[in-house]
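A.B. asks: My questions all concern the structure below.
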Amino acid sequence: MVRKLAILAVTILIFFFLVGQPGFIFSTSESITWAQGIINVTRVSLDRNNITLRVGQSATLTATVDPQNATDKSITWASSAMGTVDVRATGPTTASISALSGGTTTITVTTVDGGKTATCDVNVIIPVRSLSLDQTALNIGPNEEVVLTVKIVPTDATNQDLIWSSTEAGVASVVPIDPARTTSPNPQARVKTHKEGEARIIARSVDDNSITVFCVVNVSVSAPISDDQVEPPIEIADEYEQDLVPVDQTEPIVTNDKESSYPYILIGVFIFLALAGFLIVKNQKAKALANRAPLVGIKGKFAGQSFKFNKGQLVIGRDPALSQVSYPETEGSISRKHCTVSYDQATNTYVLIDSSSNGTYLASGEKLVSGKPYILKTGDRFYLANPNELFEIGKQ
């Protein structure tokens, strides 16, 4: 009997000993987790597979680790071209991608448990910052051709395509030159003039259509002939050549001076009268032009600059295709066609008409009613949107 009691006591002691050990089926919750074992990662994925950024821009990538109850969901980030982008973890499952320079790279996320991976391809674009033309003004005659060259900044911009246009294609048209047909490293276009007038040849960046540059082409028959232009030789028609016979200089030529000279006298008088009339009209136009006061910038973007009313009016705005006084696209307070100033030769006065979103004001602070003409005289001032963009009808 004593022996049986001893065996029972030992058995009870062993039972309670086992109950107190980790991993026993009747242990605490911590022991139950250990009994179930580690839950491994099966896959990882990214919210985006492709990203396009401009230099200076950034984006966020988010990773998802499966299963959701995996024991270790730690991840690491890497880039195949660190000079192109900078990748930094911003949270347990997120990373910030910052574009540093042009090119392509692959972002890889890797799980610490199991080494599962997912990738995202990143394309970094170098944007166009500015354009400039080798010629900003041309004074040439009709039926001539000129090549314009555009410099793009930076020179390694990713998209260097341009859109060429003319404000008056009937005066001067423009056609881009195939890069394969020129040795110039910069984009070029051929300008062809057709008739008298003025046109603006505009180059606009495809990468950012707010970046433009233009050349003012003034086509006139009185434009000076350049050194490389050669006057065509005068050819004598065959029908007249056959009437030309050698003349014996030893024999006097008898002509009726009065009859032969009379038509030439009439022609001479006619040419003289026509020339005199032309000079009188031209002189009157020159006097009228001289009497026009220029538009002068007092404050702001065009402070110290003056603009002549060569065509009787000046348009002020952001669109170079419409405006003779052109603000950059970054001037958001200025409308594309903000206002128009016209010269009235008959009364020697100026007419100001507002067509803007943010208003045109007289120097007194009075806001112009859009579309209503206001009469100005020499010395009057007005401003666009705010008093810092101030203009004056200047004094000669």
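The values are calculated or read from the model by the stated rules, or taken from the named source; none is laboratory data. What you are looking at is a predicted structure, and each value in this text was computed from that prediction instead of being measured. For neighbour counting, all protein chains shown are included, and Cβ atoms are generated from backbone atoms with ideal geometry for every residue, glycine included.
A.B. asks: Considering only residues of region 189-222 that are more than 30 Å from I152 (Cβ to Cβ) and either not in a loop (DSSP other than H, G, I, E, B) or not β-branched (V, I, T) (or both), which is modelled with the lowest pLDDT?
C.D. replies: S222
A.B. asks: Given region 16-97, what strands (runs of 3 or more DSSP E) lie entirely inside it while holding 1 or more residues that are modelled with pLDDT of 80 or more and more than 27 Å from G114 (Cα to Cα)?
C.D. replies: Passing ranges, in order: 50-54, 58-66.
A.B. asks: Here's a follow-up. Could you check, for region 279-295, whether at least one of its residues is at pLDDT 75 or above, among the basic types (K, R) and either surrounded by 13 or more Cβ atoms within 10 Å (Cβ to Cβ) or in the same structural domain as Y327 (by TED's automatic domain parsing) (or both)? Spell out the reasoning first.
C.D. replies: First, the residues of region 279-295 that are at pLDDT 75 or above: 294-295.
Cutting the leftovers down to among the basic types (K, R) gives us none.
The answer is no; no qualifying residue exists.
A.B. asks: Test A276 against the criterion of being surrounded by 12 or more Cβ atoms within 10 Å (Cβ to Cβ), of a type in the set (G, A, S) and either modelled with pLDDT under 90 or farther than 21 Å from S130 by Cα (or both), and give yes or no.
C.D. replies: no
A.B. asks: Identify the residue in region 80-105 that is touching a residue at least 40 places away in the same chain (Cβ under 8 Å) and not β-branched (V, I, T) and, among all such residues, is surrounded by the most Cβ atoms within 10 Å (Cβ to Cβ). Outline the logic, then answer.
C.D. replies: Within region 80-105, the first condition is being touching a residue at least 40 places away in the same chain (Cβ under 8 Å), and the residues that meet it are 84, 97-102.
Now restrict to residues that are not β-branched (V, I, T): 98-102.
Values: S98: 15, A99: 24, L100: 16, S101: 12, G102: 17.
Of everything passing the filter in region 80-105, A99 is surrounded by the most Cβ atoms within 10 Å (Cβ to Cβ).
A.B. asks: Looking at the structure I just gave you, is K116 in the same structural domain as D66 (by TED's automatic domain parsing) and of a type in the set (K, R)?
C.D. replies: Answer is yes for this residue.
A.B. asks: Residue by residue through region 119-140, note down the ones that are farther than 19 Å from T52 by Cβ and either in a strand (DSSP E or B) or free of Cβ contacts under 8 Å to residues at least 24 places away in the same chain (or both).
C.D. replies: Once the filter is applied, which keeps residues that are farther than 19 Å from T52 by Cβ and either in a strand (DSSP E or B) or free of Cβ contacts under 8 Å to residues at least 24 places away in the same chain (or both), region 119-140 yields S130, L131, S132, L133, D134, A137, L138, N139, I140.
A.B. asks: Another question, if that's okay. Consider region 144-164. How many of its residues are at pLDDT 95 or above and of a type in the set (S, T, N, Q)?
C.D. replies: Summing the residues that are at pLDDT 95 or above and of a type in the set (S, T, N, Q) in region 144-164 gives 1.
A.B. asks: List every residue pair whose Cβ atoms sit under 6 Å apart, with the two residues 6 or more apart in sequence or on different chains, where the first one lies in region 30-48 and is more than 30 Å from A95 (Cβ to Cβ) and of a type in the set (G, A, S) and the second, anywhere, is at pLDDT 50 or above and assigned to a loop (DSSP other than H, G, I, E, B).
C.D. replies: Partner pairs satisfying both residue conditions: S31/P22.
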